[in-house]
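A.B. asks: First the structure, which I've put down as structure tokens, then a few questions once you've had a look.
The values are calculated or read from the model by the stated rules, or taken from the named source; none is laboratory data. None of the values given here were measured: they were computed from a predicted structure. With ideal geometry, Cβ positions are generated from the backbone for all residues, glycine too; neighbour counts draw on all protein chains shown. Keep in mind that these areas ignore ligands, DNA and RNA; they rest on the heavy atoms of the full protein, side chains included. Shrake-Rupley method; radii C 1.70, N 1.55, O 1.52, S 1.80 Å.
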Amino acid sequence: MKTYNKLLKMAKERANYLCLIDPDKIDEKQAVQYAKTCEENGADGLLVGGSLMLTNNFESNLKVIKGNVNIPVIIFPGIFNFVSKYADAILLLSVVSSRNPQMLIGEQVRAAPQIKQYNLEAIGTAYMLIDSGQNTSVNFMSSSFPIPRTKNDIAVAHALASQYLGMKIIYLDAGSGAEYPVPDDMIREIKKNISLPVILGGGITNPKIAAQKAAAGADFIVTGNILEKNLDSKLIREFANSIHNIKRK
Ligand code: 1GP
């Protein structure tokens, strides 16, 4: 089954938990340990990537991760589209909250021929940056302003436009290490108005917040930073349980 169809099926059944692995900061041994610990403790999938990609560990880490887990391994290229064949799919992001052509279509054009060459599944992703109370790496690196956190109507209009343009999934991101995650009422409003699955990340620092965002309607909750600081299997289990236990309508 195509990874996107798998994600659709997963989103229909329950809210899901994705662990983000930033290949910049770890070696192969750590990458395998990270991926296995996430899988063994209830994660439903792995996103691999980050907004900088400072090292050349990306592909070698991705390869060992893919070889060691059964859950979907999806490239989350940050704002620069890194492509590799060692993944189930790539979230091909367009930063729809920006007005920067390089982030809207330029990076994707650079990535596309390689995606085709590898026969890699590309999932067209509307990436929306939401203001988190501070400037984040991704705001800076994409030279773009985030959507104000109190402007639900603007956020909904972006999500709707993305759906009409044929995007497959929405990624609401407050940015890595965000002080405030995306507000619940913004998630609720977006879900009320569109039929696409929603991935939500940025500043999810404990299972209670994760559950809250899943209850607001996010289909996939992402944690990055918090596990990078401490790869705690008990915490991963708690994240997974709190997200999985949310009743869906
Ligand atoms: C960032 O959504 C991800 O793009 C994850 O954010 O590192 O704050 O968990 P955190």
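A.B. asks: Just need a number here: residues in segment 33-51 that are assigned to a loop (DSSP other than H, G, I, E, B) and either under 14 Å from GLY224 (Cβ atoms) or touching a strand residue (DSSP E or B) at 6+ places or on another chain (Cβ under 6 Å) (or both).
C.D. replies: Residues flagged as assigned to a loop (DSSP other than H, G, I, E, B) and either under 14 Å from GLY224 (Cβ atoms) or touching a strand residue (DSSP E or B) at 6+ places or on another chain (Cβ under 6 Å) (or both) within segment 33-51 amount to 5.
A.B. asks: Give the residue, chosen from SER162, SER195, SER143, SER137, that is exposed (fewer than 15 other Cβ atoms within 10 Å of the Cβ), in contact (Cβ under 8 Å) with a residue 40 or more places away in the chain and out of contact with any Asp or Glu (no Cβ under 8 Å at 6 or more places or on another chain).
C.D. replies: Step by step, each of SER162, SER195, SER143, SER137 is checked, and only SER143 is exposed (fewer than 15 other Cβ atoms within 10 Å of the Cβ), in contact (Cβ under 8 Å) with a residue 40 or more places away in the chain and out of contact with any Asp or Glu (no Cβ under 8 Å at 6 or more places or on another chain).
A.B. asks: Right, something else. On the basis of being open to solvent by 10 Å² or more (accessible area, probe 1.4 Å), in a helix (DSSP H, G or I) and either modelled with pLDDT under 95 or touching a strand residue (DSSP E or B) at 6+ places or on another chain (Cβ under 7 Å) (or both), does ILE154 make the cut?
C.D. replies: When the stated conditions are applied, ILE154 passes them.
A.B. asks: Here's another thing I want to ask about it. If TYR180 satisfies all but one of (1) within 13 Å of the ligand (Cβ to nearest atom); (2) under 16 Å from CYS19 (Cβ atoms), what's the number of the condition it fails?
C.D. replies: It is condition (2) that TYR180 fails.
A.B. asks: Right, something else. For a quick check of your reading of the model, give me the residue pairs whose first member lies in segment 202-221 and is of a type in the set (Phe, Trp, Tyr), whose second is part of a helix (DSSP H, G or I) and away from the ligand (no atom under 15 Å from the Cβ), with beta-carbon atoms closer than 9 Å and at least 6 apart or on different chains.
C.D. replies: Listed by first residue and then by second, the contacts come to PHE220/LEU7; PHE220/MET10; PHE220/ALA11.
A.B. asks: If we keep just the residues of segment 122-134 that are touching a residue at least 40 places away in the same chain (Cβ under 8 Å) and farther than 16 Å from MET186 by Cβ, which is surrounded by the fewest Cβ atoms within 10 Å (Cβ to Cβ)?
C.D. replies: That would be GLN134.
Quick grid of which residues meet (1) surrounded by fewer than 23 Cβ atoms within 10 Å (Cβ to Cβ); (2) touching a Ser or Thr at 6+ places or on another chain (Cβ under 6 Å):
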{"site": "TYR4", "(1), (2)": "yes, no"}
{"site": "ALA11", "(1), (2)": "yes, no"}
{"site": "TYR17", "(1), (2)": "no, no"}
{"site": "PRO23", "(1), (2)": "no, no"}
{"site": "LYS36", "(1), (2)": "yes, no"}
{"site": "ASN56", "(1), (2)": "yes, no"}
{"site": "ALA89", "(1), (2)": "yes, yes"}
{"site": "SER97", "(1), (2)": "no, no"}
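A.B. asks: Could you identify the single residue in ALA240, ALA215 that is assigned to a helix (DSSP H, G or I), farther than 21 Å from SER98 by Cβ, open to solvent by less than 10 Å² (accessible area, probe 1.4 Å) and touching an Asp or Glu at 6+ places or on another chain (Cβ under 9 Å)?
C.D. replies: One residue alone meets the criteria, ALA240.
A.B. asks: Hey, another quick one. Mind listing just one residue for me: the one in segment 183-216 that is aliphatic (A, V, I, L, M) and within 11 Å of the ligand (Cβ to nearest atom) and, of those, farthest from ILE75 (Cα to Cα)?
C.D. replies: Filtering first and then ranking leaves ILE209.
A.B. asks: Right, another one. What is the number of the single condition among (1) open to solvent by less than 10 Å² (accessible area, probe 1.4 Å); (2) within 16 Å of the ligand (Cβ to nearest atom) that ALA111 does not meet?
C.D. replies: (2)
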